[in-house]
Amino acid sequence: MPEFVLILIRSIISFLLLMIMARIMGKKQISQLTFFDYCVGITIGSIAATMSVDQNVKITNGLMALLIWGIFPIILAFLSLKSMWFTKMIDGSPTILIQNGKVLEKNMKKNMLSADELMLLLREKGTFKVSDVEMAILETNGQLSILLKSDQQPITPHTSGIPIQQEHGPTILIMDGQLLKKGLKERGYAEEWLLNEVQKQGAKDFKDVFLAQIDSKGNVYVDVYEDNEKKEES
């Protein structure tokens, strides 16, 4: 069998197995990437790449290695759900870097963080002054969670005691020129009403609308196709 055909077959097998494993391992692998998850991801990618192009590696050995590196983290994740001690052993534990507005230098040294790196993490959270921070915690995925001092926290309707109307998520009524009747029915509006609304905003029919969305107050946002906008301008 030609070499390029073997590489093609091995690459397809590696890709399919890698995709299946990614689905099984879940979104945590990318949303909460710890150092352990990082190492596992790199190793799995390296094994898949080697198995695709290196014919000295038997495909059965490569598949076995991929399965081991894919299944073992799942087993560890399951054990972590059952034991808090096991979770700390695998992922570590969060570290307080700033408490009561003061930087804890000992904890900074334990995590090998410099003052510049701390300021970088704070700036990523939109905070430029250490004096504004009541508490800062370095999470196990390397992200910094901060609690601002009371006088630095933004004012919200809840803190100021202002009553507000509860809003729900907006509903898409038209997508790519197609009327989504289910969403329209759930919101209790008629097609004639929606047609009148989109005509007010420059569309002649539903098919002229790229996207239409309605919020909880009944306001309709309409985005017409670019071609239609150019025709109106001309």
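Just so you know, all these numbers are worked out from the coordinates, no wet-lab data involved. From a predicted model like this one, the values you see are computed outputs, not experimental measurements. All Cβ positions, even for glycine, are placed from backbone atoms using ideal geometry, and neighbour counts span all protein chains on display.
Scanning the chain for trypsin sites (Lys or Arg not before Pro) lying in DSSP loops with no more than 13 further Cβ atoms inside 10 Å, the longest uninterrupted stretch between such sites is 59-128.
Using 0.36 nm per residue, how much length does the chain from Phe72 to Lys182 gain when fully extended, once their Cα-Cα distance is taken away? Numbers along the way, then the final one.
Values: separation 110, 0.36 × 110 = 39.60 nm, distance 4.35 nm.
Full extension from Phe72 to Lys182 adds 35.2 nm.
Among the chymotrypsin sites (Phe, Trp or Tyr not before Pro) found in the range 111-216, those both in a DSSP coil and sparsely packed, with 12 or fewer other Cβ atoms within 10 Å of their Cβ, are Phe128.
Counting only Cα atoms, I'd like the Rg/Rh figure for the range 59-162, Kirkwood definition for Rh. Taking Rh as the inverse mean 1/r over Cα pairs, Rg/Rh reads 1.18.
Give the value in nm², to one decimal: projected area of the alpha carbon convex hull of the chain, averaged over all directions.
Details: hull surface 94.8 nm².
Over all viewing directions, the chain projects a mean Cα-hull area of 23.7 nm².
Can you give the local net charge around Glu124? Use residues other than it whose beta-carbon is closer than 14 angstrom to its beta-carbon, Lys and Arg +1, Asp and Glu -1.
Around Glu124, the surrounding residues sum to -1.
Determine the distance separating the Cα centre of the range 206-222 from the Cα centre of the range 49-124; give it in Å without decimals. What the calculation gives is 44 Å, centre to centre.
Relative protection proxy for 47-53, 152-158, 61-67, from highest mean packing down: 47-53, 61-67, 152-158 (other beta-carbon atoms within 10 angstrom).
Please tell me which of these pairs span more than 18 angstrom C-alpha to C-alpha: Lys185/Lys217; Lys102/Lys129; Lys129/Lys149; Lys82/Lys110? Table pairs above 18 Å Cα-Cα are Lys82/Lys110. Extending 7 Å from the Cα toward the beta-carbon at both Ala190 and Val103 defines two label points whose distance is 6.7 nm. Spacing of the modelled spin labels on Lys204 and Asp151, each 7 Å from Cα toward Cβ, amounts to 6.3 nm.
Applying 1/(1 + (r/R0)^6) with R0 = 22 Å to the Cβ-Cβ distance of Arg123 and Phe36, what FRET efficiency is obtained, to the nearest 0.05?
Numbers: r = 27 Å, r/R0 = 1.24.
The value I calculate is 0.20.
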